[in-house]
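Worksheet: one structure, shown below.
What follows is calculated from the coordinates using simple rules that are stated; it is not laboratory data. As the structure is a prediction and not an experimental result, all values here were calculated from the model. Using ideal geometry, Cβ is built from the backbone for each residue, glycine included, and neighbour counts are taken over all protein chains shown.
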Amino acid sequence: MTRLQTDWIKNMEKELPQWASRLEAQSNMSLFNLAALAGDISRGRLKSASWRTKIAVVPVTAGLGLIGTFCSQVAAIIRHMGFDVFVTDATDVSGIYEASQKGAGVVFLADDTYFLALNMSKNLISENSDATARGFVAALEGAAGGLRDKEVLVIGGGRVGRSALSFLKCRGAEVILYDNNEDVLKELRGQGVRTIGDVAEIKKYPLIVDCSFSDEGWLSKDMLHPDLLFASPAVPLSLDSEAAEFYGDRIIHDLLQLGVITMLAMVC
Ligand code: 2YG
């Protein structure tokens, strides 16, 4: 999954209201219901958790180090859901200790490989790739008025794509996978997944979850179904500017928010 850059996320907090109202309109669900569906918990449980659970976000300096404003954006998203949340002053292990000393029941932290939410008291862990896939599948389900027995194409058989495949199956969808890597297709075919390898077949599917973290703008309008609903955590977006313009509000996409509210629901 793509490493975020400060430039991409620095204005996220002040744009959260617009993000929320657009996503609620697209998915026909409140953020709470969307997060509860994606996190497979009841809305009531998530609501009551927001009253009693304190959340800490811990900066991690490992590897390539801090991403400017990353932790404060994660905290802003969590705060937008009504939770009491703070970013620790200390980083890394000291930050985890500070979180526990200040009464946090859940800790969010990310290195270059994993972005996790941990609820130590309940031994619950949520990993961002899995949560992100679940969040975008849930949003697509809301937008499509349900996915049961409907064909959904997943683009990209990586970590996020495989989580999308399994959550789509849980939601009753008929899944098909497209990837441009024959080895990936072979492996998943061996697991009983229907696969396509020809990019020209993508236009047959009006419901798509795009988990291809590859090049920007490789999907053009003529490669896509006219009635397309497109849910994508891919950074950058795979659609070219003409397709992005044409499909407009039928494109469900963000850089961090939907995955974070799903992580929150998965550890409450
Ligand atoms: O604490 C910090 O500031 C850094 N250690 C955060 C590093 C995060 C690296 N990971 C990413 O940028 C993305 N994989 C995060 C999730 C993207 C949205 N799905």
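Axis angle, to the nearest 10 degrees, between helix 70-80 and the longest C-alpha principal axis of the chain: 90 degrees. Rounded to the nearest whole angstrom, the semi-axes of the ellipsoid equivalent to the stretch 60-176, taken from the Cα gyration tensor as √(5λ), stand at 32, 16, 13, largest first. If you wrap the Cα atoms of the stretch 1-55 in a convex hull and average its projected area over all directions, you get 5.4 nm². Summed over all non-identical Cα pairs, the Kirkwood treatment of the chain gives a radius of 18.9 Å. In a simple Cβ point-charge model (Lys, Arg +1; Asp, Glu -1; nothing else charged), the stretch 105-168 has a dipole of about 160 debye relative to its Cα centre. Counting only Cβ charges, +1 for Lys and Arg and -1 for Asp and Glu, the dipole size of the stretch 28-109 around its Cα centre is about 400 debye.
The phi torsions of the stretch 130-142, fed into the Karplus equation with coefficients 6.51, -1.76 and 1.60 and a -60° offset, translate into couplings of 5, 5, 4, 4, 5, x, 6, 5, 4, 5, 5, 4, x Hz, rounded to whole numbers, with Gly and Pro shown as x.
Across the stretch 12-88, Cα pairs under 8 Å and at least six residues apart give a relative contact order of 33 percent. Across the stretch 245-251, rounded Karplus estimates of 3J(HN,Hα) from the backbone phi angles (6.51 cos²θ - 1.76 cosθ + 1.60, θ = phi - 60°) give 5, 5, 8, x, 6, 8, 9 Hz, Gly and Pro being marked x.
DSSP finds beta bridges in the chain, and of those with both partners inside it, around 25 percent are antiparallel. Based on every Cα atom in the stretch 1-130, Rg and the maximum pairwise Cα distance Dmax equal 14.8, 42 Å. Taking max minus min of the alpha-carbon positions on each principal axis, the stretch 141-268 gives extents of 41, 34, 27 Å, largest first.
The H on the amide N of V87, modeled in the peptide plane, is under 5 Å from the matching H of V57, each at least 5 residues off or on a different chain. Under a model in which nothing but the beta-carbon of Lys, Arg (+1) and Asp, Glu (-1) is charged, the chain shows a dipole of about 1180 debye around its Cα centre. Applying a DSSP loop filter and a limit of 15 other Cβ atoms within 10 Å to the chymotrypsin sites (Phe, Trp or Tyr not before Pro) in the stretch 84-146 leaves Y114.
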